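The values are calculated or read from the model by the stated rules, or taken from the named source; none is laboratory data. Nothing here was measured: the structure is a model prediction, and the numbers come from that model. Glycine also receives a Cβ, built like all others from the backbone with ideal geometry; neighbour counts cover every protein chain displayed. In case anyone asks, the SASA skips ligands and DNA or RNA and just uses the protein heavy atoms, side chains included. Shrake-Rupley method; radii C 1.70, N 1.55, O 1.52, S 1.80 Å.
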Amino acid sequence: RSTAAWAGDDRAAGLDPSVLLLLNTAGPGGPVPPMLAAFESLPARTQGLVWYRLVEAEPEHRTAEHLGLTREDVVYGTEGALQSLARACLRLRLAASDDPHCADFSRLIEESVRPDSPRASADLYAHMARCPHCTAAHEELCALRDTPRAALAEGL
């Protein structure tokens, strides 16, 4: 919103040209962050854990204070909150597809981005070669797994 306001007055010269292009090609409300709908679909506690602990990188005790939780709730709940966001992102990405087969690939996408032992699937990769929805979902989940803070900053 701040950037959109800047783009509309003499401060536009201070914005990166790629940001101006994005704003000028977006709809009337500006660009919609790709993870926003998934984030907003989560319970408030889960949103808070993702936002304070992962996006803002608040210490555990400060995150707990913000949310009215214990430090242990934050320690043991943050990874689950990130996983809940990843599942919501996947669900919404696949729901946006007109291809009824995309839903069938949900579990394969989840398995292919597991941090401990990802499972490759020739069927999934063949489908992703022609499906932008599943490809975007896979890339989004990989980013959340590998660089969660950066992925969240870009996605929200």
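Worth a mention:
- Residue selected from the stretch 97-118 under the condition over 17 Å from Ala143 (Cα atoms) and touching a helix residue (DSSP H, G or I) at 6+ places or on another chain (Cβ under 6 Å), by the criterion least open to solvent (accessible area, probe 1.4 Å): Cys102
- In the stretch 51-63, the residues that are open to solvent by 30 Å² or more (accessible area, probe 1.4 Å), of a type outside the set (D, E, K, R) and in a helix (DSSP H, G or I): Trp51, Tyr52, Leu54, His61
- Cβ-Cβ under 6 Å pairs, at least 6 apart or on other chains, the stretch 137-156 side open to solvent by 70 Å² or more (accessible area, probe 1.4 Å), far side in a helix (DSSP H, G or I) and not aromatic (Phe, Trp, Tyr): Arg149/Leu54
- The sole residue among Ser117, Ser97, Ser106 that is part of a helix (DSSP H, G or I) and either at negative phi or small (Gly, Ala, Ser) (or both) is Ser106.
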